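Peer 1: Structure below; questions to follow.
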Amino acid sequence: MHIYTIFKIMQSPQNDILGFLTYDDWFKVRNLIIEMVLATDMTKHFAFLGNFRSKYQTLDLTLENEDDVKTMLIMAMKCSDLGHGAKVTE
């Protein structure tokens, strides 16, 4: 539900940070954001982590490959999501 809410907020002109994108690029970014948020689902954590480790250990990650870039962005999202639990709240 929170993904829907953020895209609803971005529909207003003062919040539309993706307004300069073509429709195809906007759709790609939207799908990437959705995938990154869904990747924080812990039921898929170990499968994703295993795939990431395999690519990392074989040095098979490259910024020229769109799927690899997506994998790295998802990993960054997962790290920030898990790291947030260690944040001191006092």
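The values are calculated or read from the model by the stated rules, or taken from the named source; none is laboratory data. A quick note: this is a predicted structure, and the numbers were derived from the prediction, not measured. Note that each Cβ is placed from the backbone with ideal geometry, even for glycine, and that neighbours are counted across all protein chains shown. Areas reflect the complete protein model, heavy atoms only, side chains present, ligands, DNA and RNA absent. Shrake-Rupley method; radii C 1.70, N 1.55, O 1.52, S 1.80 Å.
Peer 1: Averaged per residue, what accessible surface does the chain expose to a 1.4 Å probe, in Å²?
Peer 2: On the way: 7130 Å² over 90 residues.
Accessible area per residue: 79 Å².
Peer 1: How much net charge surrounds Asn51 when only other residues with a Cβ under 14 Å from its Cβ are counted (Lys, Arg +1; Asp, Glu -1)?
Peer 2: On the way: positive: Lys44, Arg53, Lys55, Lys70, Lys78; negative: Glu35, Asp60, Asp67, Asp68.
Local charge sum for Asn51: +1.
Peer 1: In 10 Å bins starting at 0, how do the alpha-carbon pair distances of the chain split up by percent?
Peer 2: Percent of Cα pairs in each bin: 14, 38, 32, 15, 1.
Peer 1: Most mobile of Leu32, Leu49, Leu63 per a Gaussian network model of the chain (Cα springs, under 10 Å)?
Peer 2: Leu63
Peer 1: Shifting gears a bit: For region 48-88, what is the per residue volume of the convex hull drawn over the alpha-carbon atoms, in cubic angstrom?
Peer 2: Numbers: hull volume 2.9 nm³, N = 41.
Convex hull of Cα atoms, per residue: 70 Å³.
Peer 1: While we're here: What accessible surface, in Å², does a 1.4 Å probe find on Ser54, ignoring ligands, DNA and RNA and rounding to the nearest 10?
Peer 2: About 60 Å², rounded to the nearest 10.
Peer 1: Now for a separate question. Accessible area of His2, 1.4 Å probe, to the nearest 10 Å²?
Peer 2: Its heavy atoms expose roughly 130 Å² to the probe.
Peer 1: Asp60 accessible area, nearest 10 Å², 1.4 Å probe?
Peer 2: Solvent-accessible area, nearest 10 Å²: 90 Å².
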